[in-house]
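All remarks here apply to the structure that follows.
The values are calculated or read from the model by the stated rules, or taken from the named source; none is laboratory data. Bear in mind that the values here come from a model prediction, so they are computed numbers and not experimental data. Methodologically, a virtual Cβ is constructed for each residue, glycine included, from the backbone with ideal geometry; neighbour enumeration extends over all protein chains shown. The protein model used for the area step is the full one, side chains on, heavy atoms only, and it has no ligands, DNA or RNA in it. Shrake-Rupley method; radii C 1.70, N 1.55, O 1.52, S 1.80 Å.
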2 protein chains.
Amino acid sequence: MSFLAELGAALPDGTVLTDPDVTDRFRMDRTTWLTPGCPVAVALPTTTAEVAAAVKVAATHRVPIVPRGAGSSLCGGSQAIDGALTLSLERMDRIVDLDTADELVVVEPGVMNADITRATSEHGLFYPPDPASRDFCSIGGNVATNAGGLCCVKYGVTRDYVQRLEVVLADGTVIETGHDTVKGVAGLDMTGLFVGSEGTLGIVTRAMLRLRRRPSGAATMVAFFPTLTAAGRAVASIAGSELTPSLMEIMDRATVNVVEDALGMGLDREAASLLLLQSDAPEPLRGTEVARAAELCSSAGASYTAATEDPDEAEALMQARRMAGPVLEQLGELIWDDVGVRRSRIPALLGRIEEAGERHGAQVQTFGHAGDGNMHPTLLVPRDDPDARRRALLAFDDIVEAALDLGGTITGEHGVGSIKAPFLEREVGRANLALQRRIKRTLDPDGLLNPGRWL
Amino acid sequence: MSFLAELGAALPDGTVLTDPDVTDRFRMDRTTWLTPGCPVAVALPTTTAEVAAAVKVAATHRVPIVPRGAGSSLCGGSQAIDGALTLSLERMDRIVDLDTADELVVVEPGVMNADITRATSEHGLFYPPDPASRDFCSIGGNVATNAGGLCCVKYGVTRDYVQRLEVVLADGTVIETGHDTVKGVAGLDMTGLFVGSEGTLGIVTRAMLRLRRRPSGAATMVAFFPTLTAAGRAVASIAGSELTPSLMEIMDRATVNVVEDALGMGLDREAASLLLLQSDAPEPLRGTEVARAAELCSSAGASYTAATEDPDEAEALMQARRMAGPVLEQLGELIWDDVGVRRSRIPALLGRIEEAGERHGAQVQTFGHAGDGNMHPTLLVPRDDPDARRRALLAFDDIVEAALDLGGTITGEHGVGSIKAPFLEREVGRANLALQRRIKRTLDPDGLLNPGRWL
């Protein structure tokens, strides 16, 4: 039997799509500047058994598989591959179990990140990792890329919240990993191995996640700095204090100007950078914390600071940060970067990013997570301008090299995917990468899972 | 050349010990009820290159290797194996680098846990994971077992603090894993794979650890409960509140009585359990938090509560908890257990532990980490009483089975080692364990690293 006939026989009617008009929407992710391939088919399983069945048929026919969540990848991690089966988990979107006493939730991979917090907030709970894409990124993709977000500076990343996984391996075997409890050292940490493996080791079909008590509110501070060095001093000084901000975001001058053009909020266009900080500590501590943060910013040389506990004022400031991406997307094609360095090296990195943009005549805006050193230099390319795109990609490469020069990482939270593979060996080293490839071969001897990315 | 001759030639003079009188102290760990083997030799390398050289010689001669830190294992994880080379890391005890701005420290594996906090406290920093053995357990062993401790309820376990590792693989290859930053998703999480692998995948020769700002102090609360159910209600109620205790320990009646016998502190011998809680939140919040915790305990049915911000009073209460182990060790041989369940199942687990003790006529004291569901039922065996030991081991098995029945883990922080291997498949499942064994074979094809434990 042919692959498609066997796949069709193994899955319920309506689960396998082959009409190009219908499968087209599963080809691309948010890495719009890459050209995706054409899948041989798209499967839309609704149960773990169906995922396993599809994987078994693909394994028998040696057909590669691209696992796909909500398609919000910024690293080309879920783009279709010519001749491969795209296995979309979007129909597996149930919240299976909620244990409010132990603050655990069990979800299928197609559940959207923000829906977990929505479904648990009536119990006073939330799911901390909060990518800016939280409304349109799925938890399966979050697990695949060990996604971060804005509140990670206080609450950590996806890996810190995944207690258990159910995974379909390359031969269709289903395993369960992990423990109910934060502490649990029985056996190798297979959960951690799958988190961040970008669909190259197995397909996550279920996840048990830790939740946290939802804070009762937050206080917010904004500061503008005349130089990047002054902003760096402020970040270091806040990080070295007893304050525990739940958010500490930075935007460079270019980003501030783009946002100000769009929103007209009265942001200081001359400042070298804007720092946005929140504290969600219990009252009255949160007010004290943002006031103290404002003092530390002033001491570090801020030209302006303001603190507020008013939710509407805070929301307006948060909008300035959250809209950076969407506003830029209106202006042209975006090439998102995602590098990380030790916090103390942020000013050096920001300087190197500006230089890279100038060197190649590329327009780069940088914003990101100052508290954990994870920056998103984002290159803006006018539509239908191949030369501008070429120059932007040269700047992109230089920015990644700059992060490596500073001892940092080529990707803090977006993933390696298709776009960072050339840089991976320089970061992790030849012997470590060779070992990772041996582990990949152990789990996926025929190389069928998300091939041609980085492993 | 013989193995010993070649090993001796590969390492500096004085680095290889073979005299049984001298090697004897490297045979045993704190799992005193197991009989250790006799090593063919003990190597005491002082550099990564020497570790790699020793591993290469052992690999050539197919001689198994038992990596050993400070020998404080409670699961038989570092006990000598007949004919194996014991590779002690105790001479690799340097703090290599301290970056106070980015709160990172690089250490060799033989550094004692508490020495890291000692060496960094003058900079206002500390290393959170704090096993009760912190003064005599090494960081290499902590990494090998993903060690926990008292403050994990707020600060997490070893895995949450390991940024990078240098590891010597089974063939003597040296790799570096990890990232400088909390966020970093370039490649598989090899750091996480080695953390908790108990010396079965490689030998850690260096670790970069995250530090945290040292809190300025702590407030303490103690409560006594007439029933285990009431204590369970209090734990659930505190966990479901906005409080963020930095410590929440529980002791059962048997433990309270043993401690009271030794210390005469006036503890309530009739209470079913004692709950000890600390908050290290900034002032004035910490005082508010312990007062609120006391209220919640009273509402849950506590017969007595007291809160204090006085450091001496707090220290006396902490002594009651910390002395539980040492006091018990004076009374006989101890068989430590280490199981974990969801917080809400602690009362059920404590009940099952009491039953197991009664069923087999074994004396069991339980104390542990109520905030994260990790309990240490500790069996006390009169010295030179083989029948009591036999009965205690039957109770030990029943306790592990009880944790599994409750969906929990067979080991929260001590490790599988030699003693929990028979239970491992039941916890992790056949397919998952088979996969772990395949990964083990990939990294250590000849099975030379800490063989005969659990992988």
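Tabulated data for the structure shown
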item: Residue that is of a type outside the set (Phe, Trp, Tyr), in the same structural domain as A:ALA388 (by TED's automatic domain parsing) and over 30 Å from B:ASP99 (Cα atoms), where the choices are A:ARG343, A:ARG359; result: A:ARG359
item: Index of the failed condition, B:ALA402 passing every other in (1) in a strand (DSSP E or B); (2) over 22 Å from B:ALA132 (Cα atoms); (3) small (Gly, Ala, Ser); result: (1)
item: Close pairs (7 angstrom Cβ cut-off, 6 or more residues apart or separate chains): surrounded by fewer than 21 Cβ atoms within 10 Å (Cβ to Cβ) in the stretch A:412-430, assigned to a helix (DSSP H, G or I) anywhere; result: A:LEU424/A:LEU433; A:GLU425/A:LEU433; A:ARG426/A:LEU404
item: Which numbered condition B:GLY417 fails, given (1) over 26 Å from B:PRO451 (Cα atoms); (2) in contact with a Cys (Cβ under 6 Å, 6 or more places away or on another chain); result: (1)
item: Search result, residues across the stretch A:374-392 that are assigned to a helix (DSSP H, G or I), in contact with a Phe, Trp or Tyr (Cβ under 9 Å, 6 or more places away or on another chain) and open to solvent by less than 50 Å² (accessible area, probe 1.4 Å); result: A:ALA392
item: Residues of the stretch A:436-455 that turn out to be facing another protein chain (nearest Cβ under 10 Å) and modelled with pLDDT under 95, as a count; result: 2
item: Test: residue in the stretch A:283-299 that is surrounded by fewer than 23 Cβ atoms within 10 Å (Cβ to Cβ), of a type outside the set (Val, Ile, Thr), over 25 Å from B:ASP280 (Cβ atoms) and modelled with pLDDT of 90 or more; result: yes
item: Some residue of the stretch A:103-120 being under 15 Å from A:ILE203 (Cβ atoms) and within 14 Å of another protein chain (Cβ to nearest Cβ); result: no
item: Selection status of A:ASP405, open to solvent by 20 Å² or more (accessible area, probe 1.4 Å), out of contact with any strand residue (DSSP E or B) (no Cβ under 9 Å at 6 or more places or on another chain) and touching a residue at least 24 places away in the same chain (Cβ under 8 Å); result: yes
item: Given (1) in contact with a Lys or Arg (Cβ under 7 Å, 6 or more places away or on another chain); (2) in a helix (DSSP H, G or I), index of the condition B:ASP446 fails; result: (2)
item: In the stretch B:400-435, the residues that are among the polar types (S, T, N, Q) and facing chain A (nearest Cβ under 7 Å); result: B:THR409, B:THR411, B:ASN432
item: Subset of the stretch B:342-387 [of a type outside the set (Phe, Trp, Tyr) and under 19 Å from B:PRO245 (Cα atoms)]; result: B:ARG342, B:ARG343, B:SER344, B:ILE346, B:GLY368, B:HIS369, B:ALA370, B:GLY371, B:ASP372, B:GLY373, B:ASN374, B:MET375
item: Residue count, the stretch A:218-237 (criterion: of a type in the set (A, V, I, L, M, F, W, C), within 16 Å of A:GLY373 (Cβ to Cβ) and either open to solvent by 10 Å² or more (accessible area, probe 1.4 Å) or touching a Cys at 6+ places or on another chain (Cβ under 8 Å) (or both)); result: 3
item: Scope the stretch B:35-45; condition surrounded by fewer than 18 Cβ atoms within 10 Å (Cβ to Cβ) and at pLDDT 95 or above; matching residues; result: B:GLY37, B:CYS38
item: Wholly within the stretch B:303-373, helices (runs of 4 or more DSSP H) carrying at least 1 residues that are among the charged types (D, E, K, R) and open to solvent by less than 50 Å² (accessible area, probe 1.4 Å); result: B:311-322
item: Qualifying positions in the stretch A:187-200 - within 9 Å of chain B (Cβ to nearest Cβ) and either farther than 25 Å from B:ALA421 by Cβ or at pLDDT below 95 (or both); result: A:VAL195, A:GLY196, A:SER197, A:GLU198, A:THR200
item: Among residues of the stretch A:98-122, those that are free of Cβ contacts under 8 Å to residues at least 40 places away in the same chain and within 24 Å of A:PRO67 (Cα to Cα), counted; result: 4
item: Residues (farther than 24 Å from B:GLU108 by Cβ and touching a Ser or Thr at 6+ places or on another chain (Cβ under 7 Å)) located in the stretch B:35-84; result: B:GLY76
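Residues are listed down the side, and each one gets a yes or a no for (1) within 12 Å of chain A (Cβ to nearest Cβ); (2) of a type in the set (Val, Ile, Thr); (3) on the phi > 0 side of the Ramachandran plot:
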| site | (1), (2), (3) |
| --- | --- |
| B:TYR161 | yes, no, no |
| B:ALA170 | yes, no, no |
| B:HIS179 | yes, no, no |
| B:ALA218 | no, no, no |
| B:VAL222 | no, yes, no |
| B:ALA230 | no, no, no |
| B:SER237 | yes, no, no |
| B:GLY240 | yes, no, no |
